[in-house]
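Taking it in order: structure first as structure tokens, then the write-up.
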Amino acid sequence: MLISELLNKKQYPNPDEIVVCDATDKVSAAVARMADHDIGAVVIRDDTGVVGIFTERDVIRGLHREGTGILDSTLGEHMITKVIIVSPEQGLDEALDLMNENRIRHLPVVDKDQLVGMLSIRDLFVQELQRVKSTAEFLQQQVQIGSKPLPM
């Protein structure tokens, strides 16, 4: 399955509704937005496109290093600038591999320099779980009717 299919399937919001911040925004504002939207990361964007990502892990690390003073600093001071992105035409397996290899849980989806979505590890887990359940149901039906399952 392609990333674009998953975004369509989960009826992803209009790209204008994706939660984004500016590098000059305060960490406290980003934390509030993540809490309000029940998400684990915000994309940092400027006129040129995606310039960073800020996640729950960044909050925890910052609190550990700096204490609550991190809340008054800007996202530009704490965001990850080497953002790993995917395109809508990439496969879900490729996205999962990227997440696993880089030990990340969020991937901005960018098409022609435009942010069009955000994938979380949960999105991929739910899709994989549905695939496994579907395969199990198919195999169970094949056993019940006594025919050989089709090769997968």
Flag if G91 is closer than 21 Å to L124 by Cα and either in contact with a Phe, Trp or Tyr (Cβ under 9 Å, 6 or more places away or on another chain) or not hydrophobic (A, V, I, L, M, F, W, C) (or both): yes
Subset tally (residues that are assigned to a helix (DSSP H, G or I) and surrounded by 14 or more Cβ atoms within 10 Å (Cβ to Cβ)) for the range 95-104: 4
Condition met for L7 (without any contact (Cβ under 8 Å) to a residue 12 or more places away in the chain and in a helix (DSSP H, G or I)): no
Among the residues listed as L71, L107, L124, the single one being modelled with pLDDT of 95 or more, surrounded by 16 or more Cβ atoms within 10 Å (Cβ to Cβ) and assigned to a helix (DSSP H, G or I): L71
Odd one out for A32 among (1) at pLDDT 95 or above; (2) farther than 21 Å from R105 by Cβ; (3) out of contact with any helix residue (DSSP H, G or I) (no Cβ under 9 Å at 6 or more places or on another chain); (4) of a type outside the set (V, I, T): (2)
Only one of G62, G117 that is surrounded by 13 or more Cβ atoms within 10 Å (Cβ to Cβ) and not in a helix (DSSP H, G or I): G117
Residue list for the range 27-59, restricted to those being touching a strand residue (DSSP E or B) at 6+ places or on another chain (Cβ under 6 Å), of a type outside the set (S, T, N, Q) and in a strand (DSSP E or B): A41, V42, V43, I44, R45, V50, V51, G52, I53, F54
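The values are calculated or read from the model by the stated rules, or taken from the named source; none is laboratory data. Bear in mind the structure is a predicted one, so any value in this text is a computation, not a measurement. Here Cβ is always computed from backbone atoms with ideal geometry, including for glycine, and neighbour counts include all displayed protein chains.
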